[in-house]
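This report concerns only the one structure given below.
The values are calculated or read from the model by the stated rules, or taken from the named source; none is laboratory data. Note that the structure is predicted; figures quoted are calculated from it, not measured. Cβ coordinates were reconstructed from backbone atoms using ideal geometry, including for glycine residues, and neighbour counts include every protein chain displayed. Ligands, DNA and RNA are stripped out before the accessible areas are found, and what is left, the full protein with its side chains, is counted by its heavy atoms. Shrake-Rupley method; radii C 1.70, N 1.55, O 1.52, S 1.80 Å.
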Amino acid sequence: MNTPHRRPGSPAAQSPAPARVHPAPALFRAGLALSGLALSGLVLSGLALSGLAVAGAAPASATSSSADRSGDPASVLVLVNRDHPLEPVDYRPERLTPAGGSANLLVPEAAVALAVLLEDAAAAGHALVVESAYRSHERQAVLYEGYVQRYGEAYAARISAPPGTSEHQLGLAADVGLASGQCSLSRCFGSTPAGVWVAANAARHGFIVRYGEGQEEVTGYQYEPWHLRFVGVEAARDMERAGVATLEEYTRLLDGREGAGPWRSVPETTGWAPRWSAGYLFY
C-alpha cells in the first residue's frame, strides 16, 4: 500500500478473459492411478477422479490448521493485519524473485502467477506494470512514519500498514498499475478497463483484490483496487464461490470448516473439481 495519487480515470467495462487451458502432467495423460498426488500444494490421499474423496480435505491451499495459517508467515493463507502482526516482526521470506519483469520481488510462486496475470492482461489489451511488491520491515517503517508526519496517525493508519503488519513484507502482495501511469495507486484505477479486468480475472491467477470497496470496516483499509494478494488459485476461487470478499472473513470460514469433521470431499466442501478432457486440465 502507498499513499493514493489522485489522477483522473475513465470508467469502462471489460469481459473476463476465457479460462486458460493447461497441459496436464504426463502421468495424468497416461491415465495412471496415483496415490499421494500433490496438486497445487494440496496432498490428495487415495485420489478417485470420479468423486475426489479426500481425507481431511479443505479448500486447496487451506489444509494447514488455523494455528499454522495464522502463525506461519510462509503460508499463502496467513492473515496479516494490525490485529495479526507478523511473527517475527522482522520476517523476511527465504526466497524472493523478480516479479513481472520489474526489480520488485515476490516469493517464487506468487511471482510466476503475477507474470502470467500480466501476460494475460496484455493479451486482453491492458498494459500493466508492478509498482510495488516485497518491502522489508525497515522500509515499511520509513514509509509509515512518512505518512504519519504528512497526514497524521489516524489517516496514515487507513492508507498504510504499520511496520510488522504489512502484507508486502510477506512477499505475497503486489501493487499493479497502468504502464501509462494513469490512476497510479488511486481508487480510479478500479474504474479503468484494466482495473475492471484485474478484478474480474485475479482469482483465476490465484490473487484477490485484498482491500475491496466498502470493506474498510473489515480490512481496516480504504479501497485499493491496485493491491493484489496471492492466496493460490483454489482459495481465490473458493472465496468467489462462497461470496467471501475479504481474507479476514475467509479465515473465519476455514476455521468453521475445519471443525466439520475429519473426512470430507473436495466437491462437497468447496464445489471445486478439475475437468479432464483430451489430456488437458481446465481450471
- Note on the structure: Under the rule rounded for a/c under 1.5, else prolate if a/b exceeds b/c, else oblate, using alpha carbon gyration tensor axes a ≥ b ≥ c, segment 187-237 is classed as oblate
- Task: Mind ranking 99-108, 222-231, 128-137, 204-213 by how tightly packed they are, going by the mean number of other C-beta atoms within 10 angstrom, highest first?
- Result: 222-231, 204-213, 128-137, 99-108
- Note on the structure: Counting only protein heavy atoms and rolling a 1.4 Å probe, one gets per residue an accessible area for segment 137-208 in Å² of 32
- Message: Please compute, for the alpha-carbon atoms of segment 154-245, the extent along each of the three principal axes and give them in descending order in Å.
- Response: 35, 31, 25
- Task: Roll a 1.4 angstrom probe over the protein heavy atoms and tell me the percent of accessible area of segment 142-208 that is carbon or sulfur.
- Result: 56
